[in-house]
Amino acid sequence: MKRRHDERPRARAPPAGPRNARIEADPAAAPAVRGQSRQLEKAYCRLGGLPDPSAVRPPRVLAEALEVVKRRWVQDADYEYAREQLKSIRQDLTVQLIQDVLAAEVYETHARIAIEADDLDEFNQCQAQLQPIHALGHNVHNAAEFCAYRILYNSVVPPRGATSALVLALLQNLNPRALGHPVIRQALDAHRAIEASDFGAFFRMWPKMANLGRHFLDRVGPSMRRHALRATCVAFEPTIPLPRLAQLLGFISEDPAAACLANLQRFHGATREHFSRVSEDVGPEISESAAKLELCTRAFRQRPQLPPPGGKSKGSKGR
C-alpha cells in the first residue's frame with residue numbers, strides 16, 4: 001500500500017534505556033552542560049533526563065546564589081529553604097562537572113548548616129563529596145576541620161560496636177602531619193571518651209570542641225549524663241550537694257545547680273522526696289534554692305526509672 005504524500009513518519013521518543021536511567025540516578029553521568037540561567041533562587045527537583053542548559057546556572061550565578069543562602073540562614077535560620085536551595089546549587093554544579101573552589105565552598109556551607117540543623121544524613125552526603133574536592137587542593141585549609149567532623153560523626157552515629165573500626169579506617173588514609181592537627185587530635189580524644197564511657201573527660205571536652213564539634217557531642221550527651229548520674233549515686237552516699245553533682249554532670253550554665261535540678265526533675269523523675277534541706281515553703285523547682293539542696297542518692301536510685309525522652313539521645317538544653 002502506497003503512503004500518501006502528506007503523511008510523515010512520526011517521531012519516536014527515545015527509549016528509556018540504561019543511559020537515561022543512569023542520568024536520572026546520577027546527573028554526573030550526563031555530558032557536561034554550560035549553564036545559561038540567571039535565576040538566583042531555584043527549587044530542587046530530580047533530573048529525569050538530560051539537563052536543559054537554560055535551566056542550569058553558570059558558576060558566576062551560583063556564587064551569587066550561595067551568598068543569598070548564607071544571608072538568609074543568618075537572618076532566618078530556615079533550614080528547609082537553605083537545604084532546598086543548596087541541593088539545587090549542588091545539582092547545577094554536578095551537571096556542569098564543576099569541582100573547584102566554588103564547589104568546595106558550596107559543600108562546606110551545606111555541611112556546616114546541616115550540622116547546625118542536626119541533619120547528619122545530609123551532612124554525610126556533603127562530606128563524602130568534599131573529600132575528593134579537598135584532595136584536588138581546593139579549600140584544603142578546611143580539610144582538617146571536616147576530617148574532625150567525620151571522626152565525630154562516626155563516633156556518634158554508626159551502630160553500636162562499629163565506631164572504632166570506622167574511625168580506624170578513616171585514620172589509615174591520613175598522613176602523620178594531618179594526624180597531628182589540633183582539631184583532629186581533639187576529635188580523637190572525644191572519640192576515645194565516648195567509646196570508654198569516660199564521662200569526666202567527655203564533659204571537660206564538650207563545651208570546648210572546636211568549630212561545630214559540640215553539635216556531634218550533643219547527640220550522646222544525655223546518655224553520658226545518665227551513665228554519670230548512675231555512677232555518682234553509687235559513689236556518693238547518703239547525699240551529694242547539688243552544685244557538686246552539677247559539676248560532675250557537666251552543667252556549665254550561669255546557674256549550674258538550677259540547670260541540674262531542672263534536668264533531674266524533667267528527665268529522671270526526681271521529686272521533692274529525693275532532696276534534703278528543702279524548706280516547707282520553697283519547692284525544689286525554685287532555682288534560688290537549688291544551690292542549697294542535696295540529692296539523697298539512695299532514695300533517688302530506688303525511684304521508678306523513666307524511659308529516655310522520645311526514645312532518642314538528643315542534645316540537652318540548659319547546659
Ordering 149, 81, 44 by the accessible surface of their heavy atoms, 1.4 Å probe, largest first, yields 44, 81, 149
Quantify, in whole percent, the carbon and sulfur part of the accessible surface of region 34-155 (1.4 Å probe; protein heavy atoms only).
48 percent
Just the accessible area for residue 41, please: 1.4 Å probe, Å², rounded to the nearest 10?
80 Å²
So how much accessible area does residue 52 have, in Å² to the nearest 10, using a 1.4 Å probe?
80 Å²
Under a 1.4 angstrom probe, counting protein chains only, how are 197, 88 ranked by accessible area, largest first?
197, 88
By accessible area (1.4 Å), largest first, 205, 224 order as 205, 224
Roughly how many whole Å is it from the C-alpha centroid of region 79-106 to that of region 171-221?
29 Å
Reported to the nearest 10 Å², residue 271 has, with a 1.4 Å probe, an accessible area equal to 60 Å²
Given a 1.4 angstrom probe, what's the average accessible area per residue across region 158-221, in square angstrom?
56 Å²
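The values are calculated or read from the model by the stated rules, or taken from the named source; none is laboratory data. Remember, predicted model here, so these are calculated numbers, not experimental data. The area values use the complete protein model at the heavy-atom level, side chains included, leaving out ligands, DNA and RNA. Shrake-Rupley method; radii C 1.70, N 1.55, O 1.52, S 1.80 Å.
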